[in-house]
């Protein structure tokens, strides 16, 4: 695997996993690392009918689900707010108020909602691709994304006032 | 509005590399380790065939089993094929 490929996808993948693990940076990075290694080892099974990023995120999601299944409730004990560790992220660069608001908004969403929003915004996956990764029907993805974005926008506007 | 929100969220969630790529690259198995057992077997088979045929070729006409085996033509051709398969195998499967 070429280093540029890892460099290209590390930010969206780690960001996605950080949100999925509710801010457990260590676990998220371990999962991301393992996902890249699995992708490398199973590159022969990658079919060109989807994008590499879709396939990579599917691997990452399965890794997360396996871990969640094996750890169960213990996973939640280790979690912390993403904002607690701003080092290494560009969060420092954002204005702190807006950052807190965005973070609070994301935390208010359910895990599935957060996942859909992240896949749509961070990696700019199409609705079709999101449906494939999150294993949700296409129509549901479209409807839910519309509602989630509205929810987030309302929250941000309310917080701003 | 949608784009602005997406951009804002994207910026907010951006994660800097901080040596992550390097750590992943170190963890990846080297191509040599990744070679399958079957491929290794073919290289070994080629190498053994080469040595065997070289042995017969070096004995030349001294083996009293007729010209077909002890002669030069077949062992020489075989040795060339075996050499070719070993070299190709090493290049293709390395």
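The values are calculated or read from the model by the stated rules, or taken from the named source; none is laboratory data. Small disclaimer: the values here were computed from a predicted structure and weren't measured. Methodologically, a virtual Cβ is constructed for each residue, glycine included, from the backbone with ideal geometry; neighbour enumeration extends over all protein chains shown.
In the range A:14-54, the qualifying residues are those that are in a helix (DSSP H, G or I) and in contact (Cβ under 8 Å) with a residue 60 or more places away in the chain, and the one that is farthest from the other protein chains (Cβ to nearest Cβ) is A:54. Being modelled with pLDDT under 75, part of a helix (DSSP H, G or I) and either within 21 Å of residue A:18 (Cβ to Cβ) or within 9 Å of chain B (Cβ to nearest Cβ) (or both) is a description that applies to residue A:83.
Within the range A:1-12, the residues that satisfy the criterion of being under 14 Å from the mean Cα position of the chain (by Cα) and within 9 Å of chain B (Cβ to nearest Cβ) are A:10, A:11, A:12.
Filtering the range A:116-128 to residues that are within 18 Å of residue A:9 (Cα to Cα), away from chain B (no Cβ under 12 Å) and either in contact with a strand residue (DSSP E or B) (Cβ under 8 Å, 6 or more places away or on another chain) or surrounded by fewer than 22 Cβ atoms within 10 Å (Cβ to Cβ) (or both) leaves only A:126. I'd like the full set of residues that are away from chain B (no Cβ under 14 Å) and modelled with pLDDT of 90 or more, limited to the range A:137-161. A:137, A:138, A:139, A:140, A:141, A:143, A:144 - these are the residues of the range A:137-161 that are away from chain B (no Cβ under 14 Å) and modelled with pLDDT of 90 or more. Each residue in the range A:17-57 was checked for being surrounded by fewer than 17 Cβ atoms within 10 Å (Cβ to Cβ), modelled with pLDDT under 90 and closer than 19 Å to residue A:132 by Cβ, and 10 of them qualify.
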